[in-house]
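I have placed the structure first, in the form of structure tokens, so that the comments after it can refer back to it.
The values are calculated or read from the model by the stated rules, or taken from the named source; none is laboratory data. Since this is a predicted model, take the numbers as computed values, not measurements. Backbone-built Cβ (ideal geometry, glycine too); neighbour counts: all protein chains shown. Only protein heavy atoms, including side chains, enter the accessible area calculation; ligands, DNA and RNA are left aside. Shrake-Rupley method; radii C 1.70, N 1.55, O 1.52, S 1.80 Å.
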Amino acid sequence: MAKALEHIRILDLSRVLAGPYCTMILGDLGAEIIKVEAPGGSDETRKWGPPFQNGVSAYYLCTNRNKKSITIDLKSEEGVKTIKQLVKDSDVIINNFRTGTMERFGLDYETLSKINPKLIYCSITGFGETGPYKDMPGYDFIIQAMSGLMSITGDEQTGPQKMGVAITDVLTGMYACIGIQAALLERSISQQGQKLDIALYDVAVSALVNVGSNYFMSGEIPSQLGNQHANIVPYQTFRTKDRQMVIAAGNDRQFEALCDIAGEPSLKDNPKFRTNPDRVAHRKELIPRLQQLFSQQPTAYWLEKCKQRSIPCGPIQNIAEVAADPQLAAREMFVQMSHPTAGEINMIGSPLKLSRTPVSYRHHPPNAGEHNQIIMD
């Protein structure tokens, strides 16, 4: 079947997570991705572990399928010459070097756009290419701290907490992907390329969404609510008789149904809890009462009761339980590929489900320089 982006060629000079995640998405959609590293392989994630499988890092494998690999010394005249030659027939070039690095290589947008005026040039940095922080290195952990995300994650006991994955890298990769596709669409009309300046810091701040909006409206600095929601009650974890689960009563009807299945219908008639604004204002009184009720039965009991009344809920699953979830199997969210060094590898698949131009898994995550002869000869 045809692939949505099979006519697009992308030079990927990025490494670690944000850039490679972006190009993997584009590769899954059919684009030809040429991963460029220094001789020997300069993507740091190749050495991040354990775990390793036959010397191949699980971290590297997670974002590098559907790519070809070439190795080039960008500090050499020959290496720069090779990139400029490849740019002639490429649609996109993406990098996540620190601000000014591509200029020092002689591979800045102004130079490359003269070679290929239709080139889409995507730069991913920690803080962007303008402003007082532009020369600072940016790592996900630092960005989570500075953006306010850590200040609203965790609770009063834990203090500020980061997410369990490098979420600002992941979101930045997605934003870069959106921006690249938007630029490609616009190019089909203007016949001109353009530069994208994507910053992890900008992306992380955009992810504050409703919590950021709450601050701008109220002027109140948000507190750490742990697993509670800033604007909806009850919308959090509860301890049951055997484990924890999440209940997300997003409207008054769902709350009324929750009171019924919990065996306390009087709660829905209490003027302190009748509407969501009431419940937010009196959460410290409501939540302990609900917690006491939910602790009396196991999670399976509450899941079934909530399902019967269409109350959003779910168990808190560990990764092994996620991997065995029949829903994800039905959605083909886990795939297996053969790797020339690691052998058979299991991977998380793409969430994109396109009816006519579906994603495909064509190439294993490449070894460094695996396609030098094919591409550069």
(request) Provide a single number: the residues in segment 5-35 that are over 17 Å from the mean Cα position of the chain (by Cα) and under 18 Å from Arg187 (Cβ atoms). (result) 10
(message) Tally up the residues in segment 251-275 that are surrounded by 15 or more Cβ atoms within 10 Å (Cβ to Cβ) and in a loop (DSSP other than H, G, I, E, B), please.
(response) 5
(request) Please specify each residue of segment 240-251 satisfying the condition of being touching a helix residue (DSSP H, G or I) at 6+ places or on another chain (Cβ under 9 Å) and of a type in the set (A, V, I, L, M). (result) Met245, Ile247, Ala248, Ala249
(request) Determine whether segment 169-185 contains at least one residue that is over 20 Å from the mean Cα position of the chain (by Cα) and crowded, with 17+ Cβ neighbours inside 10 Å. (result) yes
(request) Within segment 252-270, track down each residue that is touching a helix residue (DSSP H, G or I) at 6+ places or on another chain (Cβ under 7 Å) and without any contact (Cβ under 8 Å) to a residue 12 or more places away in the chain. (result) Cys259, Pro265
(message) Looking only at segment 196-227, filter to residues that are part of a loop (DSSP other than H, G, I, E, B) and open to solvent by 70 Å² or more (accessible area, probe 1.4 Å); which one of those is farthest from Met136 (Cα to Cα)?
(response) Asn227
(request) For segment 109-128, indicate whether the set of residues that are more than 16 Å from Ser14 (Cβ to Cβ), within 27 Å of the chain's Cα centre (by Cα) and among the hydroxyl-bearing types (Ser, Thr, Tyr) is non-empty. (result) no
(request) Any chance you could count how many residues in segment 281-294 are open to solvent by 50 Å² or more (accessible area, probe 1.4 Å) and of a type outside the set (Lys, Arg)? (result) 5
(request) Please find, among Pro50, Pro39, Pro20, the residue that is outside any helix (DSSP H, G or I) and either free of Cβ contacts under 8 Å to residues at least 60 places away in the same chain or within 20 Å of Leu196 (Cβ to Cβ) (or both). (result) Pro50
(request) Mind listing whichever residues of segment 325-340 are on the phi < 0 side of the Ramachandran plot and surrounded by 12 or more Cβ atoms within 10 Å (Cβ to Cβ)? (result) Asp325, Leu328, Arg331, Met333, Phe334, Val335, Met337, His339
(message) Just checking, does segment 171-190 include any residue being farther than 25 Å from Ile10 by Cα, of a type in the set (Lys, Arg) and in contact with a strand residue (DSSP E or B) (Cβ under 9 Å, 6 or more places away or on another chain)?
(response) no
(request) Just one of (1) under 32 Å from the mean Cα position of the chain (by Cα); (2) surrounded by 12 or more Cβ atoms within 10 Å (Cβ to Cβ); (3) at negative phi trips up Asp278, so point out which. (result) (1)
(request) Scan Thr63, Thr45, Thr130 and give me the residue that is open to solvent by less than 20 Å² (accessible area, probe 1.4 Å), β-branched (Val, Ile, Thr) and assigned to a loop (DSSP other than H, G, I, E, B). (result) Thr63
(request) Out of the residues in segment 66-111 that are free of Cβ contacts under 8 Å to residues at least 40 places away in the same chain and in contact with a Pro (Cβ under 7 Å, 6 or more places away or on another chain), state the one that is most open to solvent (accessible area, probe 1.4 Å). (result) Arg98
